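The structure that follows is given in the form of structure tokens.
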Amino acid sequence: MEEVSQKQDRREQKQQAKQDSSAVRFSPAVPARVEEVIGRTGMRGEAIQVRCRILDGRDKDKVMRRNVKGPVQKDDILMMRETEIEARPLSGTGGRGGGS
């Protein structure tokens, strides 16, 4: 009988752990407003490069260049998980790596 109660205890502990892990947790994010849509980037143009101004947090009022996936337009608010890394500027060559 003691084994049966131990198995039930283990099951209850596993269920409790599952319930704890299913809780929604959000990472801290900082809002930024899109000031300018610069252009498309990526191998197939799937990302859009924008210039945005950080609205809150440690880097408030910093203007930075970021790549965004999905539809975006001027005055949209982006929630940024980090504000230290900036995207490289778009080159004017049009890509493809051809030198001539």
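The values are calculated or read from the model by the stated rules, or taken from the named source; none is laboratory data. This is a predicted model, so every value here is computed, not measured. Note that each Cβ is placed from the backbone with ideal geometry, even for glycine, and that neighbours are counted across all protein chains shown.
From the list Glu12, Glu82, which one is modelled with pLDDT of 90 or more and surrounded by 10 or more Cβ atoms within 10 Å (Cβ to Cβ)? Outline the logic, then answer.
On the way: Glu12 fails: modelled with pLDDT of 90 or more.
Selected residue: Glu82, the only one of Glu12, Glu82 that is modelled with pLDDT of 90 or more and surrounded by 10 or more Cβ atoms within 10 Å (Cβ to Cβ).
Give me the residue from segment 70-79 that is in a loop (DSSP other than H, G, I, E, B) and touching a residue at least 24 places away in the same chain (Cβ under 8 Å) and, out of that set, surrounded by the most Cβ atoms within 10 Å (Cβ to Cβ). Break it down into steps so the answer makes sense when it comes.
The first filter runs over segment 70-79 and keeps only residues in a loop (DSSP other than H, G, I, E, B), leaving 70-76.
So of that shortlist, the ones also touching a residue at least 24 places away in the same chain (Cβ under 8 Å) come out as 72-76.
Working: Val72: 16, Gln73: 9, Lys74: 11, Asp75: 7, Asp76: 14.
For segment 70-79, the residue satisfying everything is Val72.
Can you tell me which residue in segment 41-69 is surrounded by the most Cβ atoms within 10 Å (Cβ to Cβ), limited to those that are under 14 Å from Ser91 (Cα atoms) and at pLDDT below 95?
Selected residue: Thr41.
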